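Since the structure comes first, as structure tokens, the remarks are kept for the end.
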Amino acid sequence: MSLNGKPVGEGSFEILPTREGALPEYQRLLASSPTSAVAHFRVGATAALVGQLDLAERHLREASRLSPTWWIPPLALGRVYLRQGKRDEARERLFFLRGLLLGRRDEPETRVAFYKMMLDDLLRELGE
């Protein structure tokens, strides 16, 4: 696996467009599990993919609050903030993520190197 031409691990994944109807489906899942960080993340990430950035922001913030050491919500929230032009908020979330990853090595199934490279790219976009 590589990111921007740099090797970050082995394996593969495919990014697919959001399936039609996914957002209402995830919203129903969230209604049945309102304290689930995963359910909030799914609504937030899907909302971001379809351009509903305010909805995405709200649910990604809640996913981060419910699971404060989970790496993916702050990364996704930082990207949403960048798309909204909220550079200070993006910077804060991305530096928070940097702290979560501090001292972590790329262990099997963690993809730490992948997240660190994505983080570095986003911080460069912010001029950091």
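The values are calculated or read from the model by the stated rules, or taken from the named source; none is laboratory data. These numbers come from a predicted model, not from an experiment. Virtual Cβ from ideal backbone geometry, glycine too; neighbours counted across all protein chains shown. Remember, those area values only see protein heavy atoms, side chains included, never the ligands or the DNA or RNA. Shrake-Rupley method; radii C 1.70, N 1.55, O 1.52, S 1.80 Å.
Kindly indicate which of ARG65, ARG87, ARG111, ARG91 is without any contact (Cβ under 8 Å) to a residue 40 or more places away in the chain, basic (Lys, Arg) and surrounded by 14 or more Cβ atoms within 10 Å (Cβ to Cβ).
Residue meeting the stated conditions: ARG91.
In the list PHE41, PHE114, which residue meets the criterion of being more than 12 Å from the chain's Cα centre (by Cα), closer than 30 Å to GLY21 by Cα and aromatic (Phe, Trp, Tyr)? Don't jump to the end; show me each part of the working.
Details: PHE41 fails: more than 12 Å from the chain's Cα centre (by Cα).
On inspection, the qualifying residue turns out to be PHE114.
For residues that are open to solvent by less than 20 Å² (accessible area, probe 1.4 Å) and out of contact with any His (no Cβ under 6 Å at 6 or more places or on another chain), scanning just region 31-56, find the one that is nearest to TRP71 (Cα to Cα).
If we take residues in region 31-56 being open to solvent by less than 20 Å² (accessible area, probe 1.4 Å) and out of contact with any His (no Cβ under 6 Å at 6 or more places or on another chain), then ALA37 is nearest to TRP71 (Cα to Cα).
From THR69, THR46, grab the single residue that is within 13 Å of the chain's Cα centre (by Cα), at pLDDT below 95 and not in a helix (DSSP H, G or I).
Among THR69, THR46, only THR69 is within 13 Å of the chain's Cα centre (by Cα), at pLDDT below 95 and not in a helix (DSSP H, G or I).
Would you point out which residue out of VAL8, VAL112, VAL80 is modelled with pLDDT of 90 or more and within 18 Å of LEU123 (Cβ to Cβ)? So that I can check it myself, show each step before the final result.
On the way: VAL8 fails: modelled with pLDDT of 90 or more; VAL112 fails: modelled with pLDDT of 90 or more.
Selected residue: VAL80, the only one of VAL8, VAL112, VAL80 that is modelled with pLDDT of 90 or more and within 18 Å of LEU123 (Cβ to Cβ).
Does GLY99 meet the test of being within 23 Å of TYR26 (Cβ to Cβ), without any contact (Cβ under 8 Å) to a residue 24 or more places away in the chain and not aromatic (Phe, Trp, Tyr)?
The answer is no for GLY99.
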